[in-house]
Every structure is written in structure tokens, then in C-alpha cells.
Amino acid sequence: MRDMSVPSSLPHAAGIGYKSRHYADLVADPGPVGWLEIHAENYMGDGGRPIAQLRALAERFPISVHGVGLSIGGDRPLDRDHLGRLRRLCDWLDPASFSEHLAWSTHDTGYLNDLLPLPYTDATLARVAAHIGQVQDVLGRRMLLENPSTYLAFDETTMEEVDFLSELARRTGCGLLLDINNVFVSATNQGTDARAYIDAFPLSQVGEVHLGGHDEDVDDTGRPLLIDSHGCAVVDPVWALYRYTIAQSGPRPTLIEWDTDVPAFATLRAEAARADAILSPVTA
Amino acid sequence: MHRQSSFTDAVLNPDRAAPGGLSDGFGGPVGKRFDVYRNNVVVSLTEALETGFPVLRKLVGDAFFKAMAGVFVRAHPPTSPRLQLYGQRLPGFLASFPPVAHLPYLPDIARLELGLRQSYHAADAAPLDVGGLDPDAMLALKPLVAPATLVVQSRYPIFAIWRANTDSAAPGPTGGAQDILITRPRFDPAPHLLPRGGVTLARLLKGRISLAEAMAATLAAEPEADISALLSLFIASGALTLERKDL
């Protein structure tokens, strides 16, 4: 069992979400890219190119395994088969970090391939904490839990999201993955103060930071409705919020997420360099 | 707790109202904010099908494929978060989807594309190498069918249809039933037209008998098979292996 006291063993540098089309560019010249994140579900096959590429990359880069399908917030038991596949992946790869989302995605009907929202109540807290405990037991490692983007509110919610995440970390010993774009999206959509969220966040528990792009829309009343899309560059207000966060937290492993309309590697490298420039003065 | 059931129902049924107990966060109705989830689910699963079934998409056109996928994903969402497996029920869906009743080969094209994806993710195995073996020694071998090797049978010329839609220089499809052997010597699955007797030979080889026995039994079942051409295809295409290398 690894050291459970540090939230993750990723380097305090910029990383990118790995896309197979960037393999040759990454191997030739990664630039400031110091680590890679993969979506766990894409590497659960038995073999072939995905596994071979991952094996080769893992010899050169620290790898973060990011699950998108465990449905940790689901109101039914975790899928044991899926948990077993996660354990097999983590066992052979021995990643520097494993993370998942505060969300649900699977119900009796099937897997919906989206991060669906949860009301913040005592009942939800107890259920999610139990699921995190189960994941950490099965994987034999500490996990990071990511804050969601929110678009709507639940009448039954009784807790602030920050308090909910803090209490989960306290109960389960899990670390937290702070997605700065999600903070900005949620604060805009709910009319709250993103910096106040950062001020209240338990930054000592943060093992990784995410930065990504979002789409802009408006709701029925004309209020801004931002949608987490990972399909474009990080916007300036999110960079400003990132700088604000890092000034408080100190350097943290920081991921550039770009999952749809994926650009050329040079674009991702430039985004990673921008994050690196904000991290470096703190490191020095 | 039933909230996630009603949430799921409303996400998958756009005609249904958003579940109760939700708001826009400002005291107003949730309105189109709920539609963000409806849209994310259908768009992301449609993209997964577009990635997984490129030839099918080309055959029916982008707009039709998107509309068809919207119906399919709501009726048959994935049963697993491994989207690389998504679409197992698409052949059956196509077979009973009235708008494509005049294209009866579509379900088999979907099965071929599922097979190519299954092969892509299958376990690695070194192809059987018969170099340097004398014929008797070769025929005494008892190889395995490689994990990435699959057979797709069809009453339609699916190999010709597949080629005409992946290689612009290929001739247009003609003729009747075609069976396909999918193999993956290293990383890239490739379909091969499987001549007469090939389905039988593939089935026999799964029984882990010697090549000599498999050839004799194939000829007994299908006397007109060109057995030496078949064996050459199986060996040259990397369909067989002596060792299985699992993760």
C-alpha cells in the first residue's frame, strides 16, 4: 500500500489529457507537459494499440487515471465488475493518481455517459462516503474526488458544496481534485462568488487541479448558462481564478482538459506552458 | 430513493417534464437548465456511435445517422461505461427499424464494424510463424485462433460494400453472400473475404486440433473448398497463434 498521506504523487507541473492522435508529438517533444491523464474506461480492453501506447507512455510520463464511469454518487451499489476492471488497470499501471467525480451516471436503465448532479444532503453524504471507502479499499490507494459543474439546484439540498466535499474528505481520507473551470461554471450559473468558493475550499486536500474550456448559453430568463464542454481554450477569467487559487494553495499538478474538437498538440502545449508559467514562480 | 429513476426517465424522454424538486437556483423553474443533461447524454452517445460505425454512417448519411442514433440511444443506452463495446444491440435495432427496411444488409455492416472494434481491443498474440517448418511439421501444429480473429457471416456482399466505402478505388459491390475473416496481426484489424469452407475451418480450429485434422474435416464437410488457399489465408493474415499473451 502506498503512502496515503499525500493527495497524489503527480509532479507539481502541467499535464494534458492524453489523446492517441498526439502520441508521436508527445514522444518527440513534450515541451512543458510533465504528466498525462487518461480516462480509465478507454483502457479496459485486453490488448491492442491503446494498451501498448499506454505501456510505452508510462515509461516516460507519470500517469493519472481519471475515471468517468464509476457513478460514485449513484443510489445503487457500485458496479463490482467495473471496480474490478479499475483495480486491474491500477495494478498493472501503478498510476501516480486515481480520481473520479462527485456525480452519478448509471441507473437501472443503463449508463448515461454524463456526470449527473446530486443534492447535498446527509443521506447523499453517507452514501457517497461509503462508496469512496469501498473504492479506496478495493484499489488499495487514496483517491481524489472532483467537484462538478452544476446547472440547476435541488430543493432538498441542505449543505454548501464546499462543506459537502470537505466533510467527504474528512470522513473517507480521500483527496480532492479541484476543477477551476467547474468552479467558474457553477458560480456563474448559480450567481455565486467563485473566489469565495476557493477561499472556503480545503486547499490542503487538493492533489490535482483541472483547467478546461466551456460553452456559453443563456437560460429561459436570459441569465448566463455556462456548459462544461472541454471543447475550447481556457478563458481568461478561469486563468485569473487559477492564479488566485495557486497563490493560496501553492503549486499543484495542473491538467489541461480538451476532450472534444481536440486541437493539434501545439495548442495543448501552449496551454500547458501558460499553466506552467503560473506554477513556476511559486515553485522557484 | 427514487430521484435518480425519475431523473433518468426525464433525461431519456424529451417529451416528459423535468422531475420535481429542481429549480434554476434563483427560485424559478429549472426550465432549459435540465435540457443540458438531456443534450449531453444524447450528443455524447451519438458521437460514440459515429466513431464506432463509420461505414454505416457513410451508407445512410450523416443527418439520417444522427436522427437514427437519437432514437437508438434513448431506447438502448449503454449497459457498461466501456463505450468501446457500445452498439451491440444496433444490428437488431436496424433489422426492425422501418426507415431502413429497404437496406437489409445494414445489420450485417453493423456487425462487421462491431467485430472490427472487438478485434482492435482484443488481447495481443504473436501470429503463427511457419517459416522454416517442413510441411509435415507444419500440419502437425495445433494452433489457437488468435483472440483478435473473428468471423462475420452474411447473406449480403458485405465485404464488397465495406471496401467500396473505405477505399475509393475499390469496385462497387456486386454478387451475393460474403463471409469475412477479421484478423489483427499487430494493431490494425483488417477484414478478408473468406472463401468457401472458411467458416467451417475457423470453427474447427477453435477445437484446437492439428492443421491436418482441421483441413481433412473441412474437406469432408465442404468438398469444393480450396483448402490450401484457405490455409494460406489463415496463416498469412495472422488469424492463428501458438501462444496467448494475456495482460
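Some points to look at:
- Farthest toward positive dipole pole in the protein assembly as shown [+1 Lys/Arg, -1 Asp/Glu at C-beta], among A:T192, B:Q88, A:L86: B:Q88
- Residue exposure proxy: A:E160, B:E113, ordered by other Cβ atoms within 10 angstrom of their Cβ from fewest to most, comes out as A:E160, B:E113.
- Only Lys, Arg, Asp and Glu carry charge here, each on its Cβ (+1 for the first two, -1 for the last two); on that basis region A:33-165 has a dipole of about 740 debye about its Cα centre.
- Over chain A: helical MRE at 222 nm, DSSP H runs n ≥ 4 each giving -39500 (n - 2.57), nearest 500: -12000 deg cm²/dmol
- Shape call, region B:159-247: gyration tensor on alpha carbons, a/c limit 1.5: oblate
- Estimated FRET transfer efficiency (A:R171, A:W92; beta-carbon r; R0 45 Å; 0.05): 0.90
- Simple label model, 7 Å out from Cα along Cβ direction - A:D215 to A:C232, nm: 1.0 nm
- Cα-centred dipole magnitude for the protein assembly as shown, charges only on beta-carbon of K, R (+1) and D, E (-1), debye, nearest 20: 1140 debye
- At least 24 Å along the helix axis (C-alpha) and Kyte average at least 0.0, DSSP helices within chain A: A:122-139, A:265-283
- Rounded to the nearest 10 degrees, the inclination of helix B:211-221 to the longest alpha-carbon principal axis of chain B is 80 degrees.
- Legend: calculated FRET efficiency, A:V262 to A:D155, from the Cβ-Cβ distance at R0 = 51 Å, rounded to 0.05, equals 0.85.
- Least to most buried among B:L211, A:L203 (fewest other Cβ within 10 Å first): A:L203, B:L211
- In a DSSP loop and with at most 15 other Cβ atoms within 10 Å, the trypsin sites (Lys or Arg not before Pro) in region A:45-113 are A:R60.
- Dipole of chain B, positive end: most advanced residue of B:P98, B:F159, B:V199 [Cβ charges, Cα centre]: B:P98
- Anisotropy class of region B:36-120 from Cα gyration tensor, a/c 1.5 cut: oblate
- If only the Cβ of Lys and Arg carry +1 and only the Cβ of Asp and Glu carry -1, the dipole of region B:104-247 around its Cα centre is close to 400 debye.
- Most simply put, region A:14-283 has about 25% antiparallel DSSP beta bridges, counting only bridges with both residues inside it.
- Phi-based couplings in Hz for region B:44-51 (Karplus 6.51, -1.76, 1.60; Gly and Pro marked x): 5, 6, 4, 4, 4, 6, 4, 5
- Order of A:L211, B:L85 under a 10 Å beta carbon neighbour criterion, fewest first: B:L85, A:L211
Coordinate-derived values only; no laboratory data. Worth saying up front: this structure is predicted, and the values here are computed from it rather than measured. Here Cβ is always computed from backbone atoms with ideal geometry, including for glycine, and neighbour counts include all displayed protein chains.
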